[in-house]
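Asker: Below you will find the structure I want to go over with you.
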Amino acid sequence: MNLVEMTEYLVKSLVANPDSVTVKEFPSENEKEVIIEVLVDESDIGRVIGKGGKIANSIRTLVQANSYLQDNKRVKINIEHF
């Protein structure tokens, strides 16, 4: 499972409206870095970020651990709402 698929799976498992979740990978200036953009519905942003950002940090930790196992790139995940 690649990083985008894993991030999408984790986020869709948390939200009430999984059809509105969009996850995309963007190129970075640094070749050792991956940027992942997550877009969720405004009503679901609290479920993805969590109290004090704990859920968002957990998602980042899991995806980063998967990255270290695959290709050892640093992962940045940006979570936005629409």
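The values are calculated or read from the model by the stated rules, or taken from the named source; none is laboratory data. Being a predicted model, the structure only gives us computed values, none of them experimental. Quick reminder, even Gly has a Cβ in these numbers, built from the backbone with ideal geometry, and neighbours come from all protein chains shown.
Asker: Hey, could you check segment 33-59 for residues that are in contact (Cβ under 8 Å) with a residue 40 or more places away in the chain, touching a strand residue (DSSP E or B) at 6+ places or on another chain (Cβ under 6 Å) and closer than 16 Å to ILE77 by Cβ and say which is surrounded by the fewest Cβ atoms within 10 Å (Cβ to Cβ)?
Answerer: GLU33
Asker: Quick one: count up the residues across segment 41-64 that are among the hydrophobic types (A, V, I, L, M, F, W, C) and more than 12 Å from THR7 (Cα to Cα).
Answerer: 3
Asker: Could you tell me which of the residues THR22, THR7 is surrounded by 15 or more Cβ atoms within 10 Å (Cβ to Cβ) and among the polar types (S, T, N, Q)?
Answerer: Going through THR22, THR7 in turn, just one is surrounded by 15 or more Cβ atoms within 10 Å (Cβ to Cβ) and among the polar types (S, T, N, Q): THR7.
Asker: Is it the case that some residue within segment 18-39 is in a loop (DSSP other than H, G, I, E, B) and modelled with pLDDT of 95 or more?
Answerer: Yes, that holds for at least one residue.
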